[in-house]
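Structure provided below as structure tokens; questions to follow.
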Amino acid sequence: KLTFALSTPGFIPTQSVSGICRFFLQEVSPNFRLYVTPINIDPSAPAVQLSEPPSFVQDVSKKIGLHYTTGFQEDHKARSNGVFVDDEFLKQATIVLEERLALFEYAIENYDDGLLFFYFSSSDLQSHMFWWNSDDKHPTRSGPEARKYFEHIRRLYQRLDAIIGDIHDRYGSLATIIVMSDHGFANFGRQFNLNSWLRDFGYLNPRECGSILQDCDWSRTKAYGLGINGLYLNLKGRERDGIVEPGEEQEKLIKQLIARLSAVRDYNGQKVIRNVYRADKVYEGSATELAPDLIVGYARGYRASWATCLGELTADVLMDNDAAWSADHCADALEVPGILCSNKPIHAAEPSLVDLAPSILEDFGIPTPSTMIGRSIFSS
């Protein structure tokens, strides 16, 4: 636990905030190496609000002790940047898992009525780093090492499955239990730079552009990628320097991009992109206009490149993934489906993520708002 004096202008000189961190002694000799985690907000004395009501996180801290409060508790960047080796990351991730299970037990013990939602983060972050369910060459591990750590993922899922079974045994006759994941997982072996592809086909200029955030010539650019799966048109009247005319030119460009992206193949003939989705066909509601024009659904094993996520361009369009983050789910949703199960009969033939809210509302006897597009999975 650390305390920091607030000496910047605007703060009272006597003010201070506290934070928490963990120390991991990696080596004493011949080199001294001490790893310090990023500083987290102290749950026992939070400098900013962490929960609603604000006192809730402090009550939890009094019961189970100090715990991680960052969004990603697992220090995956320490592994990706070579500060941790695999076993060191696994040790830190195991600490996170035990904390999460303590938080879960606290939530169960203090539940009296209403909806209890709990997110098991460990199956996500550990899978990003350790999932590899094939004999293909792993980005950073030997074949035996890849199999060893994937076996750990199997054991992790078995442990979580046992916890769900225990909850069912204890409370299955008293409550509706829903277990769901919003995605599955896939190996991430090859990366695709969308902006580099757009450059090569003349949609993004100049050819020597290194980043769409720095040296893109918008007066000569018709489309650009932003984020992991989003592709935007440089639309006149929407983008500041838009050049694509809404209407006929917009529609023609969309169809052309879909056709060309769908035809992309890797060096071995493997299809890189399974589907390209039009936002105006898959999304509903007033926020649709804020979405990318196209959603690139990558085939299993592929994902947008690390450079793409940052708006950067590379010489090559397709490259091996060389990161410890070797599995992902930012592909076509059909390639990485989630799971859904319940102790209450599910009547929906093809349940969807958008069906969960209406299902929960129905279970509590609350009418579904007309703005919701899903339907209850429990209705016949």
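What pairs come out if I take residues in segment 232-245 that are touching a residue at least 12 places away in the same chain (Cβ under 8 Å) and within 18 Å of L261 (Cβ to Cβ) and pair them with residues that are β-branched (V, I, T) and part of a loop (DSSP other than H, G, I, E, B) whose C-beta lies under 7 Å away, six or more apart or interchain?
From segment 232-245, the pairs are N234/T221; N234/I243.
Among (1) touching a residue at least 12 places away in the same chain (Cβ under 8 Å); (2) surrounded by fewer than 16 Cβ atoms within 10 Å (Cβ to Cβ); (3) within 23 Å of Q15 (Cα to Cα); (4) among the aliphatic types (A, V, I, L, M), there is one condition V57 misses while meeting the rest; what is its number?
The failed condition is (2).
Please indicate, with yes or no, whether at least one residue in segment 307-322 is farther than 30 Å from Q256 by Cβ and either part of a strand (DSSP E or B) or not β-branched (V, I, T) (or both).
yes
Right, here's the next one. Going residue by residue through segment 193-213, is there one that turns out to be among the β-branched types (V, I, T) and either crowded, with 17+ Cβ neighbours inside 10 Å or part of a helix (DSSP H, G or I) (or both)?
Yes: one or more hits.
Related question: Just give me the residues in segment 171-195 being in contact with a helix residue (DSSP H, G or I) (Cβ under 8 Å, 6 or more places away or on another chain) and charged (D, E, K, R), in sequence order.
D182 - this is the single residue of segment 171-195 that is in contact with a helix residue (DSSP H, G or I) (Cβ under 8 Å, 6 or more places away or on another chain) and charged (D, E, K, R).
Shifting gears a bit: Output the residues belonging to segment 170-192 that are hydrophobic (A, V, I, L, M, F, W, C), under 21 Å from the mean Cα position of the chain (by Cα) and in a loop (DSSP other than H, G, I, E, B).
The answer is F185, and nothing else.
Sticking with this one: Counting only residues that are touching a Ser or Thr at 6+ places or on another chain (Cβ under 6 Å) and among the β-branched types (V, I, T), give me the strands (runs of 3 or more DSSP E) lying completely in segment 1-85 with at least 1 of them.
Result: 2-5.
Here is a further query. Cβ-Cβ below 6 Å, separation at least six or inter-chain, first residue in segment 190-205 and over 12 Å from V296 (Cβ atoms), second among the aromatic types (F, W, Y) and assigned to a strand (DSSP E or B): which pairs?
What qualifies is R190/Y302; L204/Y224.
From the set of residues in segment 309-367 that are touching a Pro at 6+ places or on another chain (Cβ under 6 Å) and not small (G, A, S), which is surrounded by the fewest Cβ atoms within 10 Å (Cβ to Cβ)?
Looking at residues that are touching a Pro at 6+ places or on another chain (Cβ under 6 Å) and not small (G, A, S), I get D322.
If I filter segment 214-252 down to residues being part of a strand (DSSP E or B) and of a type in the set (S, T, Y), which single residue comes out as nearest to A304 (Cα to Cα)?
Per the stated criteria, the residue is Y224.
Go through segment 169-193 and give me each residue that's under 28 Å from D332 (Cα atoms) and of a type outside the set (A, V, I, L, M).
Across segment 169-193, the qualifying residues are S181, D182, H183, G184, F185, N187, F188, G189, R190, Q191, F192, N193.
Output the number of the condition that T288 fails; it satisfies all remaining conditions of (1) surrounded by fewer than 16 Cβ atoms within 10 Å (Cβ to Cβ); (2) touching a strand residue (DSSP E or B) at 6+ places or on another chain (Cβ under 9 Å); (3) among the hydroxyl-bearing types (S, T, Y).
(2)
Only residues that are farther than 24 Å from Y224 by Cα and in contact with a helix residue (DSSP H, G or I) (Cβ under 8 Å, 6 or more places away or on another chain): list them for segment 298-339, please.
A323, A324, W325, S326, A327, G338
Consider G269 carefully, then state whether it is surrounded by fewer than 16 Cβ atoms within 10 Å (Cβ to Cβ), touching a residue at least 60 places away in the same chain (Cβ under 8 Å) and either more than 21 Å from the chain's Cα centre (by Cα) or not assigned by TED's automatic domain parsing to the domain that holds S370 (or both).
No: the conditions fail for G269.
Which is closer than 30 Å to N81 by Cβ, without any contact (Cβ under 8 Å) to a residue 40 or more places away in the chain, in the same structural domain as Y224 (by TED's automatic domain parsing) and out of contact with any Cys (no Cβ under 9 Å at 6 or more places or on another chain), of A299, A324?
From the options A299, A324, the qualifying one is A299.
With respect to E99, is the statement that it is acidic (D, E), within 21 Å of R154 (Cβ to Cβ), surrounded by 15 or more Cβ atoms within 10 Å (Cβ to Cβ) and in contact with a helix residue (DSSP H, G or I) (Cβ under 9 Å, 6 or more places away or on another chain) true?
Numbers: acidic (D, E): yes; within 21 Å of R154 (Cβ to Cβ): no; surrounded by 15 or more Cβ atoms within 10 Å (Cβ to Cβ): yes; in contact with a helix residue (DSSP H, G or I) (Cβ under 9 Å, 6 or more places away or on another chain): yes.
Taking the combined requirement at face value, the residue does not satisfy it.
Looking at segment 121-132, which of the residues that are at pLDDT 95 or above and either of a type in the set (A, V, I, L, M, F, W, C) or part of a loop (DSSP other than H, G, I, E, B) (or both) is surrounded by the most Cβ atoms within 10 Å (Cβ to Cβ)?
Step one: of segment 121-132, the residues at pLDDT 95 or above are 122-132.
Now drop any that are not either of a type in the set (A, V, I, L, M, F, W, C) or part of a loop (DSSP other than H, G, I, E, B) (or both), which leaves 125, 129-132.
On the way: L125: 19, M129: 24, F130: 24, W131: 22, W132: 26.
The selected residue is W132.
The values are calculated or read from the model by the stated rules, or taken from the named source; none is laboratory data. In this text, all values refer to a predicted model and were calculated from it rather than measured experimentally. Using ideal geometry, Cβ is built from the backbone for each residue, glycine included, and neighbour counts are taken over all protein chains shown.
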